[in-house]
1. Using only the alpha-carbon atoms, how far is helix 220-230 inclined from the longest principal axis of the chain? Give it as 0 to 90 degrees, nearest 10.
2. With a point put 7 Å past each Cα toward its Cβ, work out how far S52 is from K76 in nm, to one decimal.
3. Which order, highest average first, do 233-240, 184-191, 46-53, 13-20 follow once you tally other Cβ atoms within 10 Å for each residue and take the mean per peptide?
4. Residue-wise, which Karplus ³J(HN,Hα) couplings in Hz belong to the stretch 15-22, taking 6.51 cos²θ - 1.76 cosθ + 1.60, θ = phi - 60°, and x for glycine or proline?
5. With +1 on each Lys and Arg Cβ and -1 on each Asp and Glu Cβ, how big is the dipole of the stretch 225-318 about its Cα centre, in debye rounded to the nearest 20?
6. Report ³J(HN,Hα) in whole Hz for each residue of the stretch 308-316, in order, from the Karplus equation J = 6.51 cos²θ - 1.76 cosθ + 1.60 where θ = phi - 60°; Gly and Pro get x.
7. Could you compute the FRET efficiency for D228 and I20, with r as their C-beta to C-beta distance and R0 at 30 Å, rounded to 0.05?
8. Per-residue HN-Hα couplings for the stretch 64-70, Karplus 6.51 cos²θ - 1.76 cosθ + 1.60 at θ = phi - 60°, whole Hz, x for Gly and Pro?
Amino acid sequence: MTNNFNQPLGGNDMPRFAGIASMFRLPVHQSAKGLDIALVGVPLDIGTSNRSGTRFGPREIRAESVLVRPYGMATKAAPFDSFQIADIGDVAINPYDLKKSIGLIEDHYQQILAHNAKPVSMGGDHTITLPILRQIAKKHGPVALVHVDAHTDINDTMFGEKIAHGTIFRRAIEEGLVDPHKMIQIGPRATGYTAEDFDWAADQGVQVVTGEDCWYKSLAPLMDSFRDTVGGEMPTYLSFDIDGLDPSVAPGTGTPEPGGLSSSQGLEVIRGCHGLNLVGADLVEVSPPYDTSGNTSLLAANLIFEMLCSMPGCIRRN
Ligand code: MN
Ligand code: MN
């Protein structure tokens, strides 16, 4: 294939375990200038409520991404023939101050979006999605949202704080960053503080599909129906918390819950976003210290590849 787009360094040119571990072995750029899609890390873990360690997420996802090859064999998708993509490194968060870090993330994404690049982000804990959505909504207006997670992340406060990894979607809805009638939460489950914990989102118009609702079935029809609801024009954001998947396939995370999605159901959700007008995506909550095999980071890297494949305009080589 001849084009002028950045290509991943091939596994027959340099062994996959060698060389510089940039995301998908792509070139590293200093900014999002000239890019269609910017891969960016946000190494934050001071918004977490249980196990920490997501500050190491971007680095480990990059390390495991060396195994990802350029073509999707089932979808025939060819993202590196379709878009100019590069790894633009990490946001320099302040590891001592969550509120300042939120501001630093907002500034960083404002610059990415000013270059008209779409951010595809590696967390970091889920707190990062709020400042990203603020900038996305500033550019595009309120977005439709696909949210995969074991949790609804709609607490009003945590330890009295308005901003933490479990409050962000309440803030996003309150701030008008998201259209709740075009928002779906897939995978909430396990235990809560009250039996009504999931109700606030549903009361706002969000479609809440619990973990149990997903058991033993393909999620392709669910995504077909969500695409019918949203259409192919409305700017849409995908936020994928790795703990939406079952801890048996994604143990490396801070707040794991049993009864989660399989890796194939995770693929179905992301592949089901093809046809939506995706304007950005993130993969959050990978905590490498709890990922002794590296498989959670490897899965995360593959899910991020699938996000690229679902971006509007991605060529399929049938
Ligand atoms: Mn979350
Ligand atoms: Mn979660």
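Computed from the coordinates by the stated procedures, all read-outs in this text should not be read as laboratory data. Since this is a predicted model, take the numbers as computed values, not measurements. So basically every Cβ, Gly included, is an ideal-geometry build from the backbone, and we count neighbours across all protein chains shown.
1. Between helix and principal axis, roughly 80 degrees.
2. 4.9 nm
3. Listed from highest to lowest mean packing, they are 233-240, 184-191, 46-53, 13-20.
4. x, 4, 8, 10, x, 8, 7, 6
5. Working: 4 positive and 11 negative charges, 96 e Å.
I would put it at about 460 debye.
6. 4, 5, 8, 5, x, x, 5, 5, 10
7. Values: r = 43 Å, r/R0 = 1.44.
Here the calculated transfer efficiency is 0.10.
8. Whole-Hz 3J(HN,Hα) from phi for the stretch 64-70: 7, 5, 5, 7, 6, 9, x.
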